[in-house]
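Colleague: Input: one structure, supplied below.
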Amino acid sequence: MKLYHGSNVVVKNPQILLSDRRLDFGTGFYLTSSFEQAERWAQLTTARRGEGHPVVTVYDFDEAKLATLTVLCFEKANKRWLDFVAENRSGRGEDAKWDVVIGPVANDRTMPVIRLFMAKVYTSAEAVRRLLPQLLHDQYVFKTEAALQLLTFQGAIENEH
């Protein structure tokens, strides 16, 4: 399967970079099966960093090799996913037992609901009810070197504008 990474540079050799940013699934190398989502990430990253230009790097990933890794997979935005995202977004969740985490992206439309859940304004049931109608893209987070070894660089699509 093809996976895409959006950035402000071509990433031929993916790495797991430590960051103080609190992301959905914690520290790792983030990809998606949606080219459009990767384009959006590339534009946001370029704007945030103020340098480079939007680039979508393309990788091949053999899904059959997931069986050789420890994988946490969320099929949809549910209570378990919400709790995991909230833990990571609050800085409490960095869990090193997973090689790969797969699941929906908490995006600009979902973050208000997640913030209200984290502030205990919404119960998990109410937050999940509000998230279900949204069409969320997927994200794959490669959290270990063993996981990164299963990605094969295929090329990059650069947007000079």
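The values are calculated or read from the model by the stated rules, or taken from the named source; none is laboratory data. This structure is a prediction, so every number in the text was calculated from the model and none was measured. Glycine gets a Cβ as well: all are built from the backbone with ideal geometry, and neighbour counts include every protein chain shown. Ligands, DNA and RNA are excluded from the accessible area calculation, which covers all protein heavy atoms including side chains. Shrake-Rupley method; radii C 1.70, N 1.55, O 1.52, S 1.80 Å.
Colleague: Give segment 67-81 a look and list any residue that's open to solvent by less than 80 Å² (accessible area, probe 1.4 Å) and either under 16 Å from the mean Cα position of the chain (by Cα) or without any contact (Cβ under 8 Å) to a residue 60 or more places away in the chain (or both), or say none.
Modeller: THR70, VAL71, LEU72, CYS73, PHE74, ALA77, ASN78, TRP81
Residues are listed down the side, and each one gets a yes or a no for (1) under 18 Å from GLY155 (Cβ atoms); (2) modelled with pLDDT under 90; (3) over 14 Å from the mean Cα position of the chain (by Cα); (4) surrounded by fewer than 17 Cβ atoms within 10 Å (Cβ to Cβ):
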{"site": "MET1", "(1), (2), (3), (4)": "yes, no, yes, yes"}
{"site": "TYR4", "(1), (2), (3), (4)": "yes, no, no, no"}
{"site": "LYS12", "(1), (2), (3), (4)": "yes, no, yes, yes"}
{"site": "ASP20", "(1), (2), (3), (4)": "no, yes, yes, yes"}
{"site": "GLY26", "(1), (2), (3), (4)": "no, yes, no, no"}
{"site": "PHE29", "(1), (2), (3), (4)": "yes, no, no, no"}
{"site": "GLU39", "(1), (2), (3), (4)": "yes, no, no, no"}
{"site": "LEU44", "(1), (2), (3), (4)": "no, yes, no, yes"}
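Colleague: I'd like to check something: does segment 74-90 contain any residue that is over 18 Å from ASP138 (Cα atoms) and not aromatic (Phe, Trp, Tyr)?
Modeller: Taking segment 74-90 and keeping what is over 18 Å from ASP138 (Cα atoms), we get 87, 90.
The next check asks that each one be not aromatic (Phe, Trp, Tyr); those that pass are 87, 90.
Checked against the condition, which is being over 18 Å from ASP138 (Cα atoms) and not aromatic (Phe, Trp, Tyr), segment 74-90 yields at least one hit.
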